[in-house]
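Shown next, in structure tokens, is the structure this report addresses.
Read-outs throughout are calculated quantities, based only on the coordinates presented, and are distinct from any laboratory measurement. Only a predicted model underlies this, so the values are computations on that prediction, with no experimental measurement involved. Cβ coordinates were reconstructed from backbone atoms using ideal geometry, including for glycine residues, and neighbour counts include every protein chain displayed.
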Amino acid sequence: MPLEDELCDILKKSRIGQGISVVDLSKMTGLPGGDIAALERGDHPRDRTEVRALAKALGLRAEPLAQIAIEQWEPVVQRPPVWVETIHGSINGYGVQGYVIHDGSEALLIDTAYNAPAMIKFLSLHYLRLAGICLTHGHTDHADGIEQILQFHPAPVYLGSEDVELLSWRPPQSQLMTPVHGQTIAVGRLGVHCLMTSGHTAGGICYRVDDSQTPVCFVGDTLFAGSIGRSNPSTLYQTHLASVRTTVLGLPPEYRLLPGHGPATTVEEELAHNPFYAFA
């Protein structure tokens with residue numbers, strides 16, 4: 001699976017997040033504004049010098065950015081553990097993935113993948129009781145379809161309070177739960193720990209499972225392999241970076257990171273290859 005973000009996406013996310021115009025970035029780097037605009041449209045950089053100049057101006061790591069832009073770096077393929085099922089969906093051709101955590105006869109959904117029928121089908125085929133729906137954030141491609149799933153099996157819906165207004169359909173108040181940082185949600189013998197990671201949205205949450213063999217963190221759009229999601233609104237950019245750098249990439253290196261878009265990765269890979277990560 002190719003990376004979710006290319007150089008053009010990374011540049012725009014960082015520039016807009018910091019309120020830097022193309023004109024300002026041109027002055028900071030000495031590169032023509034037309035060249036910067038072309039890179040943000042998807043053109044390939046001329047050389048590493050160009051990439052380094054942009055990285056320095058935007059506070060990104062130059063070598064990881066060059067690896068993505070020039071060498072087409074991709075993370076080592078990471079398979080989810082046997083107790084996780086990946087559900088794929090599409091919204092107007094844009095791929096999205098959600099996950100089913102299952103143990104024994106119980107299951108917990110991580111986002112809807114914009115594909116409630118596939119979620120319901122998996123639960124039915126495996127005779128799983130739904131223990132809850134954990135939403136990483138309230139955007140349509142991750143949350144739409146909860147009403148169909150709740151009609152199939154009523155269950156609590158976990159979502160950051162700041163993201164409730166983003167939902168196109170709101171569950172009854174009695175089913176809507178606001179997690180706190182560190183809260184644990186049980187599914188069978190597994191414990192799913194809630195990590196508040198504001199940035200992609202104000203109420204963003206990642207969900208960590210400390211399995212002894214394959215520890216996992218479901219990161220939604222907080223982090224992508226080699227990038228981060230768009231900070232929404234852009235004023236959350238610095239908060240977003242802090243969530244990524246301290247909460248997600250502060251996990252032990254062996255943790256697998258399962259995002260809402262693009263390939264899975266690990267903390268170790270991202271410490272080495274994510275341009276947005278800054279050493280302490």
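Please tell me if residue 15 is crowded, with 17+ Cβ neighbours inside 10 Å, at negative phi and among the basic types (Lys, Arg). So residue 15 passes the test.
Starting from residues that are surrounded by fewer than 21 Cβ atoms within 10 Å (Cβ to Cβ) and touching a strand residue (DSSP E or B) at 6+ places or on another chain (Cβ under 6 Å), keep the ones in segment 97-114 and report whichever is farthest from residue 179 (Cα to Cα).
Filtering segment 97-114 down to residues surrounded by fewer than 21 Cβ atoms within 10 Å (Cβ to Cβ) leaves 103-106.
Within this subset, residues satisfying the condition of being touching a strand residue (DSSP E or B) at 6+ places or on another chain (Cβ under 6 Å) are 103, 105-106.
Details: 103: 21, 105: 24, 106: 20 Å.
By that ranking, first place goes to 105.
Just for helices (runs of 4 or more DSSP H) wholly inside segment 97-209: which have at least 3 residues that are without any contact (Cβ under 8 Å) to a residue 60 or more places away in the chain?
Helices (runs of 4 or more DSSP H) meeting the threshold: 116-125, 146-152.
Testing residue 265 on (1) surrounded by fewer than 24 Cβ atoms within 10 Å (Cβ to Cβ); (2) of a type in the set (S, T, N, Q); (3) farther than 17 Å from residue 137 by Cβ, one condition comes back false. Which one is that? Only one criterion in (1) surrounded by fewer than 24 Cβ atoms within 10 Å (Cβ to Cβ); (2) of a type in the set (S, T, N, Q); (3) farther than 17 Å from residue 137 by Cβ is unmet by residue 265, namely (1).
Residue check: is residue 245 under 18 Å from the mean Cα position of the chain (by Cα), surrounded by fewer than 22 Cβ atoms within 10 Å (Cβ to Cβ) and over 26 Å from residue 145 (Cβ atoms)? Here the answer is yes, as residue 245 does meet what is asked.
Restricting segment 80-96 to residues that are touching a residue at least 12 places away in the same chain (Cβ under 8 Å) and in a loop (DSSP other than H, G, I, E, B), which is nearest to residue 184 (Cα to Cα)?
Restricting attention to segment 80-96, the residues satisfying the condition of being touching a residue at least 12 places away in the same chain (Cβ under 8 Å) are 80-81, 83-91, 94-96.
From the residues that got through so far, the ones that are in a loop (DSSP other than H, G, I, E, B) too are 80-81, 83.
Values: 80: 21, 81: 19, 83: 17 Å.
Of everything passing the filter in segment 80-96, 83 is nearest to residue 184 (Cα to Cα).
Which one is nearest to residue 236 (Cα to Cα), of the residues in segment 15-63 that are outside any helix (DSSP H, G or I) and charged (D, E, K, R)? Going through the qualifying residues, I end up with 61.
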